[in-house]
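Chemist: Handing you a structure now.
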Amino acid sequence: MEQMTGSTADRIEALRKKYGKDLVILGHHYQLDEVVQHVDIVGDSLELARRIPEIEARNIVFCGVYFMAESACLLARPGQKIFLPDHSADCAMARMAKAADVEKVLEKLSATGRKIVPLAYVNSSLAVKAVVGRFGGAVCTSSNAKVMLEWAFSQGDAVLFLPDRNLGRNTANALGIPAEQQVEIDAAGTMLDSDEVKNARLLLWPGCCPIHERLMKPEMVDEFHKHFPGCRVLVHPECTPDVVGRCDGAGSTAFLIKEAEKAAEAALEPALCIGTEFHLVHRLMERYADRINIIPLAQATCPDMEKVDAASLLATLEQLEQGVNEVTVEEALKAPARDSLVRMLENCR
Ligand code: 13P
Ligand code: SF4
């Protein structure tokens, strides 16, 4: 991992001091260490969204990916500015659901007379959240997917979960929804007339996180269990149901961090395997190196999260007053997208 140069870190700290109460820096757990060391609040998607409304600073620099900064724009106070140090830091999964496709599919599904409630993983664009809001749906994160899926079932005849088929299936499995009631659809919506779709309780958008789906495999879990009998494998629920089914637990980044901390404190297990983005796992490996052997399921990094680095953070802070790297959202999308986010925050106080 690249070592932070003293001068970049010093300049960032000098600018933080200069802006004082006018600046808050937020960072997701997947950010590089060279960024995390400068953030005021580090958290998972839910925690970061929850903290925005309490922030009074005029400037919020969000170190994460684009959809997170867009959500921050929705929850910010009037006059507050949101910055993302690299606007090309998008999320591969969010790109797999286009608002126009989601809208078309929801229109077709609703035309059958069934009430379909859309539930969008927070890893989706603002335009998708606006469509979801207009159709009476809500947003969820990996921390509250279970609560929100139960809520969505209570609101209609069936749920369209998007974009992550894996989080959708893993959450439905945890709620005991039979596999035959979970049906994956195609983004073009060509098979929506089938009896399978008409009878399903849960419709899954065909999206995924390439890092968790393609790089973390069931045989890796078996391999760890073979070498460390009795030791646990914990993964993020963006992993496939095949992987999650073999593991000893699954949950958000905040859950994985808490479990690592508890395991290190108890010092009962010689090893703990964690399956999620490698920058976070590496931080846990170093933090608890003297107490527990934390092993990554795969050394998989998120190329989008990596785009925000100390250099782009510094450049953003240096040009804050010129508004460089500010994120703005289309006015017409704000109200419906905010509705979908607020439904989540109200259901998960
Ligand atoms: P969390 O909601 O657990 O922070 O995860 C976000 C994410 O992008 C995982 O890949
Ligand atoms: Fe998106 Fe996957 Fe990166 Fe998370 S790890 S931000 S889901 S691409």
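The values are calculated or read from the model by the stated rules, or taken from the named source; none is laboratory data. Since the structure is predicted, the reported quantities are computational estimates derived from the model, not experimental observations. When we count neighbours, we look across all protein chains shown, and the Cβ atoms used for this are built from the backbone with ideal geometry, even at glycine.
Chemist: Among Y30, Y66, which is modelled with pLDDT of 95 or more, at negative phi, surrounded by 24 or more Cβ atoms within 10 Å (Cβ to Cβ) and among the hydroxyl-bearing types (S, T, Y)?
Modeler: The unique qualifying residue is Y30.
Chemist: Taking the criterion of being among the β-branched types (V, I, T), closer than 30 Å to P163 by Cα and buried (at least 18 other Cβ atoms within 10 Å of the Cβ), would at least one residue in the range 285-298 satisfy it?
Modeler: no
Chemist: In the range 253-276, how many are of a type outside the set (D, E, K, R) and either at pLDDT below 95 or in a helix (DSSP H, G or I) (or both)?
Modeler: Of the residues in that region, 12 qualify.
Chemist: Right, next: If you scan the range 295-338, which residues turn out to be assigned to a loop (DSSP other than H, G, I, E, B), closer than 24 Å to V39 by Cα and away from ligand 1 (no atom under 16 Å from the Cβ)?
Modeler: D309, Q319, G323, V324, N325, T328, V329
Chemist: Name, by its number, the condition in (1) more than 14 Å from ligand 2 (Cβ to nearest atom); (2) buried (at least 22 other Cβ atoms within 10 Å of the Cβ); (3) over 28 Å from R169 (Cα atoms) that does not hold for A260.
Modeler: Only one criterion is unmet by A260, namely (3).
Chemist: Something else: Scanning the range 221-252 for residues that are outside any helix (DSSP H, G or I) and in contact with a Pro (Cβ under 8 Å, 6 or more places away or on another chain), which turns out surrounded by the most Cβ atoms within 10 Å (Cβ to Cβ)?
Modeler: A250
Chemist: In the set K108, K115, K98, K129, which member is touching a residue at least 60 places away in the same chain (Cβ under 8 Å), more than 29 Å from G27 (Cα to Cα) and more than 13 Å from ligand 2 (Cβ to nearest atom)?
Modeler: Step by step, each of K108, K115, K98, K129 is checked, and only K108 is touching a residue at least 60 places away in the same chain (Cβ under 8 Å), more than 29 Å from G27 (Cα to Cα) and more than 13 Å from ligand 2 (Cβ to nearest atom).
Chemist: Can you pull out the residues in the range 195-220 that are surrounded by 23 or more Cβ atoms within 10 Å (Cβ to Cβ) and in a loop (DSSP other than H, G, I, E, B)?
Modeler: W205, C209, M216
Chemist: Of all residues in the range 132-141, which are away from ligand 2 (no atom under 16 Å from the Cβ), over 18 Å from I185 (Cβ atoms) and touching a residue at least 40 places away in the same chain (Cβ under 8 Å)?
Modeler: Listed by number, the residues that qualify are G133, R134, A138.
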